[in-house]
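Note sheet for the following structure.
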Amino acid sequence: MAVQLVISGDADLFEIVGLSLRVSLSATLLACLIGFPVGALVAISRFPGRGAVLVLMNALMGLPPVVVGLLVYLHLSRSGPLGFLGLLYTPTAMIIAQTILIAPIVAALSRQVIEDLHAEYAEQFRSLCLSRMQTVTALLWDARYSLLTVGLAGFGRAVAEVGAVIIVGGNIDHLTRVMTTAIALETSKGDLALALALGLILLVIALGVNAAVQGLRMSARRQAYV
Amino acid sequence: MKLSHTIGATLSALTLATGAIAADQSIIVQSTTSTANSGLYDYLLPLFQDKSGIQVNVVAVGTGQAIKNAQNCDGDVLLVHAKAAEEKFVEAGFGTTRTDLMYNDFVIVGPDADPAGVEGMNDVQGALAKISETGALFASRGDDSGTHKKEVALWADAGVDPTAASGEWYRETGSGMGATLNAGIGMGAYVMTDRATWISFDNKQDYTIKVEGDDDLFNQYGVIPVNQEQCPSVNAEAAKTFADWLISDEGQNAIAAYKVSEQQLFFPNAPKN
């Protein structure tokens, strides 16, 4: 049935897949822009209360999507503090919610990656008298392949969650319906076969994104050794 | 610095892109799920959009949540089925007027085995009393939706407090109609549902309608434009156009014409002007 759906070239399906990718990839990009530098800064810094910050960062990886959805809803609702923006029930609201959901994952994982790398290079950096900014940049660049995996972990979480986007997006047909909310809808209609078929397609998309990144990484590595 | 610029630019680009979609002539309907899950909107909305040019976006949630969302000004029109709560909504100033739109009825569905022996009953209070006496499983929405409110009222009429057996034979799923049907069918429990959702539901397995035809099972839907005085952001004109179209002869005929498996799901009953 999943194959049938794809072959039939259902326009609605492509629209939903497209929005899923647009929302989750945008959220991943934003989360990486926030998470990588934050993670790297925490990794190389020593300050009082650092242990507590680490615990908090790691704990936030377990943020329940529904809670994030509710928080974003309360802020973006017309009666909320940011209601004047009129963003509720738009893809932008969904991107914001998913960014909040996965930024801690990206930050916490990249903190670990960078810290391990920093342990190797710390003395060298010190002898070169690099500024903190230069250190962070050098480490982020050197860890770029590991950080790709970190980004993928964030993307996986974003593209698979339903709790946040269904609250702030509203699952509106042709406007904010994505793969996961469509699956939830078909399940509630009792069309379990269609729901499962959509689930399979979502899995294939995740596979495709991961394969694309893997390919990118391998060709980049190959070039590096030439 | 550069970074925050990039983020800011990305966000504002995204905002612009979506702002264009949410043009002036679009409204959000906060709706009960049965009208959406049964496909009624897929049939009605293109007719209305062709005529008016107004894009209608439906957020389908339980009646309780739909009313709350509308009270937060996150919708232009409210279309639900809990008359008392709807009238309260209008009295509190959130809605302009409430109009009867259409009706159908609730039914109780159950498995072939029929453990409480209620098959064919048309006295809903008697049927509920029998279910509670035999301790047969009953799956409730438990989510403050229109259907849940109705079910709670029917239990009260039957003189039974099912919440005393919550977690035993009375199972409150706390989810939507479809999810509750899936859960109830999974555990062999009786479920009260509106007929429209039931007819268009695809995962019936060995379930059929056991109890129907009691006047108490009447299910009235109403439509309310959200009040602009309370919520300045609403598109009052478009909301009124939509509500007026639904209760016009054209809208009412369209509602009557919508069928699933050759069965009419909703019966228009807006007052004639």
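Where a number appears in this text, it was derived from the coordinates with a stated rule and is not lab data. Given the structure is predicted, the values throughout are model-derived calculations rather than measurements. Note that we place each Cβ from the backbone using ideal geometry, even for glycine, and neighbour counts take in every protein chain shown.
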Subject >> Fewest-first ranking of B:THR173, B:THR99, using other Cβ atoms within 10 Å as the exposure measure >> reply: B:THR99, B:THR173
Original post:
Using unit Cβ charges (K, R positive; D, E negative) and no other charged atoms, how large, in debye to the nearest 20, is the dipole of segment B:105-217 about its Cα centre?
Top reply: 280
Subject >> Prolate/oblate/rounded label for chain A (Cα gyration tensor, a/c 1.5) >> reply: oblate
Original post:
Taking K and R as +1 and D and E as -1, what net charge do the other residues with C-beta under 12 Å from the C-beta of B:PHE242 add up to?
Top reply: -1
Subject >> Those GluC sites (Glu not before Pro) in segment B:130-172 that DSSP places in a loop and that have at most 16 other beta carbons within 10 Å >> reply: B:GLU168
Original post:
What ³J(HN,Hα) values, in whole Hz, does the Karplus curve 6.51 cos²θ - 1.76 cosθ + 1.60 give for segment B:181-189 when θ = phi - 60°, with x put for Gly and Pro?
Top reply: 4, 4, 5, x, 5, x, 10, x, 9
Original post:
Arranged by the count of other C-beta atoms within 10 angstrom, fewest first, what order do A:ILE205, B:ILE185, B:ILE28 take?
Top reply: A:ILE205, B:ILE185, B:ILE28
**OP:** Taking the Cβ of B:ALA66 as the centre, find all other residues whose Cβ is under 11 Å away and add up their charges (Lys, Arg: +1; Asp, Glu: -1).
**Re:** -2
**OP:** Assign unit charges at the C-beta atoms only (+1 for Lys and Arg, -1 for Asp and Glu), then state the dipole size of chain B relative to its Cα centre in Debye, rounded to the nearest 20.
**Re:** 800
Subject >> Cα-based Rg of the protein assembly as shown normalised by 2.2 N^0.38 Å, two decimals >> reply: 1.13
Subject >> Under-5 Å amide H pairs with B:SER26, H placed in peptide plane, nonlocal only >> reply: B:GLN55
Original post:
So how much slack lies between B:ASP157 and B:ASN122, counting 0.36 nm per residue of separation and subtracting their Cα-Cα distance, in nm?
Top reply: 11.1 nm
**OP:** Please report, in whole Å, how far the alpha carbons of chain B spread along each principal axis, starting with the longest.
**Re:** 66, 56, 37
**OP:** Amide H neighbours of A:ASP191 under 5 Å, at least 5 residues apart or on other chains, H built in the peptide plane: list them.
**Re:** B:ASP202
**OP:** List A:LEU185, A:LEU200, A:LEU194 from most exposed to least, where exposure is judged by having the fewest other Cβ atoms within 10 Å.
**Re:** A:LEU200, A:LEU194, A:LEU185
Subject >> Shielding by partners, peptide B:68-78 (average Cβ within 10 angstrom, other chains) >> reply: 3
Original post:
Name the residues of segment B:220-240 whose amide N is less than 17 Å from a point 7 angstrom out from the Cα of B:GLN25 along the C-beta direction?
Top reply: B:235-240
Subject >> Karplus (6.51, -1.76, 1.60) ³J(HN,Hα), θ = phi - 60°, over segment B:256-265, in Hz, Gly and Pro reported as x >> reply: 5, 7, 6, 10, 10, 6, 6, 10, 6, 9
Original post:
What residues have an amide H closer than 5 Å to that of B:PHE266, excluding those fewer than 5 places away on the same chain, when H is modeled at 1.01 Å from N in the peptide plane?
Top reply: none
Original post:
In peptide A:37-48, how many Cβ atoms from other protein chains are near each Cβ within 10 Å, on average?
Top reply: 0
Original post:
Using a simple charge model, +1 on the beta-carbon of Lys and Arg, -1 on the beta-carbon of Asp and Glu, nothing else, what dipole does the protein assembly as shown show about its Cα centre, in debye to the nearest 20?
Top reply: 2740
Original post:
Which of A:ALA103, A:GLY39, A:GLY154 sits closest to the plus end of the dipole of chain A, meaning its Cα is farthest towards the positive end, when Lys and Arg get +1 and Asp and Glu get -1 on the C-beta?
Top reply: A:GLY39
Original post:
Which value results for Rg/Rh of segment B:105-217 when Rg is the Cα radius of gyration and Rh the Kirkwood radius based on the inverse mean 1/r?
Top reply: 0.90
**OP:** Among the aspartates and glutamates, select those whose C-alpha is under 16 Å from the C-alpha of B:LYS88, and discard any that sit fewer than 8 residues away in the same chain.
**Re:** B:ASP100, B:ASP144
Subject >> Beta bridge orientation in chain B: antiparallel %, DSSP, nearest 5 >> reply: 60
**OP:** Ignore the peptide's own chain and count Cβ atoms of other chains within 10 Å of each Cβ in A:84-92; give me the average, rounded.
**Re:** 6
**OP:** Treat each spin label as a single point 7 Å out from the Cα along the C-beta direction, and report the A:GLN214 to B:THR99 distance in nm.
**Re:** 5.9
Subject >> Choice from A:VAL68, A:VAL106, A:VAL165 showing the highest fluctuation, given a GNM over chain A with Cα pairs closer than 10 Å >> reply: A:VAL68
**OP:** Among DSSP beta bridges lying fully in segment B:98-255, give the percent that are antiparallel, nearest 5.
**Re:** 65
**OP:** Considering the options A:VAL72, A:VAL53, B:LEU246, tell which one lies farthest towards the positive end of the dipole of the protein assembly as shown, charges being +1 on Lys and Arg and -1 on Asp and Glu at the Cβ, about the Cα centre.
**Re:** A:VAL53
Original post:
Which links in A:LYS189/B:LYS83; B:LYS149/B:LYS240; B:LYS150/B:LYS204; B:LYS149/B:LYS210; B:LYS240/B:LYS272 stretch past 19 Å when you go from one Cα to the other?
Top reply: A:LYS189/B:LYS83; B:LYS149/B:LYS240; B:LYS150/B:LYS204; B:LYS149/B:LYS210
